[in-house]
1. Which condition from (1) closer than 24 Å to residue 147 by Cβ; (2) buried (at least 22 other Cβ atoms within 10 Å of the Cβ); (3) under 14 Å from the mean Cα position of the chain (by Cα) is the one that residue 194 breaks?
2. If you go through region 86-130, how many residues are part of a strand (DSSP E or B) and either crowded, with 17+ Cβ neighbours inside 10 Å or at pLDDT 90 or above (or both)?
3. Can you pull out every residue in region 149-181 that is within 15 Å of residue 121 (Cβ to Cβ) and assigned to a loop (DSSP other than H, G, I, E, B)?
4. Within region 135-148, is there a residue that is surrounded by fewer than 13 Cβ atoms within 10 Å (Cβ to Cβ) and farther than 23 Å from residue 182 by Cα?
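The values are calculated or read from the model by the stated rules, or taken from the named source; none is laboratory data. As the structure is a prediction and not an experimental result, all values here were calculated from the model. Cβ coordinates were reconstructed from backbone atoms using ideal geometry, including for glycine residues, and neighbour counts include every protein chain displayed.
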């Protein structure tokens, strides 16, 4: 993937229009009440007064679109994906549908309220041929506003800061983003329905390519919303294409997440589409919950 030499981190977008969205699903379960810095994979305390156990918050960020909410100290995730993509055949002459798998792990350090949170990720990009290599990401986040009805966080990072194997990524993909989240139903005790917006820019994999073939920093923008306490949908623009994800939490009190994702659904630039199914275990730090 081409990279602009010497390109600084993108300027963060300062303005954001916050809008409302009517709920799509009636509440059937209590929404999660896990705080932002809760124990990552721990089980929620036993409910009192006969209240049913809660679900972990589903992810409201589309695949491959960064958010300012990152892992903090004690938070982690482990995920594995099966994905298909529109690539070239072994001879490199004709386009063909290819399938593969990947493994991703991440660990958090620091605290976004006191100073900054830092997340370190490792990505094994091909299970079919591990010699293709992997990459390392670093993400940082700083809390700006945190109330019972609104969260605002500033973030940035460098995806592919280092890589190895046959798929090197010179320069990687720096980005900057601001993320806001709030409940659409703050007075509903059973389903507060979180909405989350990301807005920013990036280089590398997030670059845009204009009709004249010129490369420049690309826009990052997405919106996600809960459809139910354990189901969330999100979609957004990832520099040069439309990405979308559906996140489902199947079990109460269990940090297990199932995600169905699509990348470059508009086939921008003719680079091909991709779909993935991901199984994750760990913290739900990508999306906050509201009491």
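1. Exception for residue 194: condition (3).
2. The initial filter retains those residues of region 86-130 that are part of a strand (DSSP E or B), namely 86-88, 95-110, 117-124.
Within this subset, residues satisfying the condition of being either crowded, with 17+ Cβ neighbours inside 10 Å or at pLDDT 90 or above (or both) are 99-110, 117-124.
Within region 86-130, residues that are part of a strand (DSSP E or B) and either crowded, with 17+ Cβ neighbours inside 10 Å or at pLDDT 90 or above (or both) number 20.
3. From region 149-181, those within 15 Å of residue 121 (Cβ to Cβ) are 155-164, 169, 172-175; that's our starting set.
Passing the criteria: 169, 172.
4. If we filter region 135-148 for residues that are surrounded by fewer than 13 Cβ atoms within 10 Å (Cβ to Cβ), which is where we start, we get 145, 147-148.
Filter once more, keeping what is farther than 23 Å from residue 182 by Cα: none.
No - not one qualifying residue is present in region 135-148.
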